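S.K.: Dumping the structure here so I can ask a few things about it.
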Amino acid sequence: MGKIRKKTALIFGITGQDGSYLAELLLKKNYIIHGVKRRSSSANTERVDHLFDSLNFSNKNFFIHYGDISDGTSTLSIINKIKPDEIYNLAAQSHVRVSFDIPEYTADITGLGALRILESIKILNLKKTKYYQASSSEMYGLVNKKNSLNEKTPFHPRSVYGVSKVFAYHTTVHYREAYGIFASNGILFNHESPRRGPTFVTKKIVQGLVRIKQGLQKKLTLGNLYAIRDWGHAKDYAISMWKILQYKKPDDWVIATNKENTVKNFVNTTAKKLSLKIKWIGKGINEKAIDMETKKTIVDLDKKFLRPTEVDYLKGDFSKARKKLKWNPTITTNELIEDMIEEEISK
Ligand code: NAP
Ligand code: G4F
């Protein structure tokens, strides 16, 4: 019997939250993984180091290459060298608040980065290479009605991050239509995990409240408590990325849990799970939470964490993915919070 050829995947953004979960998933599925890491002064591979260790460098299924999606020639050259079956573009300046400070850079990486990869696939005439674009619910931005959002809901981005993701989304559709590339968008709603970056609100809340409970921190300072988000677990969402590229044709897909929570709810649930009894007092920017045991303020607000324009409401209708991809979220927001707390306590 002939040997079955292993599939090859190239992941831009391998060192990020999603890149690490996707790499784990694809290794289990017997893929050969190539990841692209940008040069930095520190190693910055902590989310994937365990994959190297468990493979002991002897199982030649996992490779890291230096590259940067701001650099079109190196991007083209890596794609040419590997000629992967699947490319996952997870690379981005992914922080919405930061995109107000560095808009041009955000547009270059988050927007033009996608174009550079798609143009490489086109120039190299890689007919069999499938492309996944990490699109975002942030593209919906300003929504009129508090309904679940789906693949047909119009976009009205509220940050250069959102604008750049809309550009990348339409570029993906365009390369599909113009050049017949198997290029799909996963429109993923917020997804979190113990590996979430520390400046995103869920990780900041869990880390802050655990440290307060442990006596290592006095206070947690936040911005808008009333934004509504649909929070899933990154592990579930990595599965959806793979399923999107296994579907019979390229398409665009909403991936979400269809459950909503405010930032304040997230604080309350986390505090409760840590047996911190809190009471909210005050209004607007002066709102704060008091620890009922110590009578001290443990959560307050600061204008510097507000955004010039906010996305107030995000809840996703993933019925198309449920029906056609047979994808379902398996981890509830409650379980997500427990997972994040557990990891934080074990540090
Ligand atoms: P993340 O943790 O911030 O990871 C982003 C990755 O992109 C990191 O590996 C980062 O490298 C890499 N990167 C940044 N600039 C790069 C460049 N110039 N060249 C090459 N790589 C670069 O984000 P995530 O949460 O895993 O999200 C993955 C993707 O999904 C992103 O595109 C994000 O915008 C999108 N998305 C995320 C969510 C969510 O809720 N998590 C929802 C919808 C869409 P470093 O480690 O060196 O920074
Ligand atoms: O955790 P966040 O920074 O995530 P945001 O802005 O929703 O963006 C994330 O999800 C997108 C998908 O919709 C991704 F595309 C994007 O890459 C990223 O992963 O903020 C969530 C909400 C916001 O409304 C923010 O204003 O929390 C509010 N918030 C309140 N206090 C805060 C804080 N956000 C942060 N980061 N820090 C705070 O102190």
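The values are calculated or read from the model by the stated rules, or taken from the named source; none is laboratory data. Since the model is a prediction, treat every value here as computed from it, not as a measurement. For neighbour counting, all protein chains shown are included, and Cβ atoms are generated from backbone atoms with ideal geometry for every residue, glycine included. Heads up: the accessible areas ignore ligands, DNA and RNA and are worked out on the full protein's heavy atoms, side chains in. Shrake-Rupley method; radii C 1.70, N 1.55, O 1.52, S 1.80 Å.
S.K.: Does the stretch 69-88 hold any residues that are near ligand 1 (Cβ under 7 Å from one of its atoms) and not hydrophobic (A, V, I, L, M, F, W, C), and which are they?
M.R.: Across the stretch 69-88, the qualifying residue is only SER70.
S.K.: Moving on. Can you tell me how many residues within the stretch 186-201 are among the hydroxyl-bearing types (Ser, Thr, Tyr) and within 9 Å of ligand 2 (Cβ to nearest atom)? Can you show your working first?
M.R.: In the first step, residues of the stretch 186-201 are kept if they are among the hydroxyl-bearing types (Ser, Thr, Tyr); the result is 193, 199.
Next, from what is left, pick out any that are within 9 Å of ligand 2 (Cβ to nearest atom): 199.
Residues meeting the conditions: 1.
S.K.: From VAL173, VAL166, VAL96, which residue is open to solvent by 10 Å² or more (accessible area, probe 1.4 Å) and over 22 Å from GLU192 (Cα atoms)? Explain how you work it out, then say what you get.
M.R.: On the way: VAL166 fails: over 22 Å from GLU192 (Cα atoms); VAL96 fails: over 22 Å from GLU192 (Cα atoms).
Only one candidate qualifies: VAL173.
S.K.: A further question follows. Has the stretch 265-284 got at least one residue that is farther than 20 Å from VAL206 by Cβ and either modelled with pLDDT under 95 or of a type in the set (A, V, I, L, M) (or both)?
M.R.: yes
S.K.: From ILE290, ILE278, ILE298, grab the single residue that is touching a Phe, Trp or Tyr at 6+ places or on another chain (Cβ under 9 Å), away from ligand 1 (no atom under 15 Å from the Cβ), open to solvent by less than 50 Å² (accessible area, probe 1.4 Å) and farther than 30 Å from TYR179 by Cα.
M.R.: From the options ILE290, ILE278, ILE298, the qualifying one is ILE290.
S.K.: Right, here's the next one. Output the strands (runs of 3 or more DSSP E) that fall wholly within the stretch 231-347 and possess 1 or more residues being free of Cβ contacts under 8 Å to residues at least 60 places away in the same chain and small (Gly, Ala, Ser), or say none.
M.R.: In the stretch 231-347, 288-291 are the strands (runs of 3 or more DSSP E) which contain 1 or more residues that are free of Cβ contacts under 8 Å to residues at least 60 places away in the same chain and small (Gly, Ala, Ser).
S.K.: Can you name the condition, by its number, that HIS191 falls short on among (1) within 16 Å of ligand 1 (Cβ to nearest atom); (2) surrounded by fewer than 22 Cβ atoms within 10 Å (Cβ to Cβ)?
M.R.: Against the list (1) within 16 Å of ligand 1 (Cβ to nearest atom); (2) surrounded by fewer than 22 Cβ atoms within 10 Å (Cβ to Cβ), HIS191 comes up short only on (2).
S.K.: Then there is this: How many residues, within the stretch 210-236, are at positive phi and open to solvent by less than 10 Å² (accessible area, probe 1.4 Å)?
M.R.: Number of matching residues: 0.
S.K.: For LYS204, are the conditions met, namely being more than 15 Å from ligand 2 (Cβ to nearest atom), modelled with pLDDT of 95 or more and either closer than 26 Å to LYS304 by Cβ or assigned to a loop (DSSP other than H, G, I, E, B) (or both)? Steps first, please.
M.R.: Numbers: more than 15 Å from ligand 2 (Cβ to nearest atom): no; modelled with pLDDT of 95 or more: yes; either closer than 26 Å to LYS304 by Cβ or assigned to a loop (DSSP other than H, G, I, E, B) (or both): yes.
No; evaluated as a whole, the condition is false for this residue.
S.K.: Another question about this same structure. Looking at ALA183, is it open to solvent by 20 Å² or more (accessible area, probe 1.4 Å), more than 13 Å from ligand 2 (Cβ to nearest atom) and outside any loop (DSSP other than H, G, I, E, B)?
M.R.: So ALA183 fails the test.
S.K.: Right, next: In the stretch 241-260, what count of residues is obtained for those that are within 11 Å of ligand 1 (Cβ to nearest atom) and within 22 Å of TYR31 (Cβ to Cβ)?
M.R.: Counting residues in the stretch 241-260 that are within 11 Å of ligand 1 (Cβ to nearest atom) and within 22 Å of TYR31 (Cβ to Cβ) gives 2.
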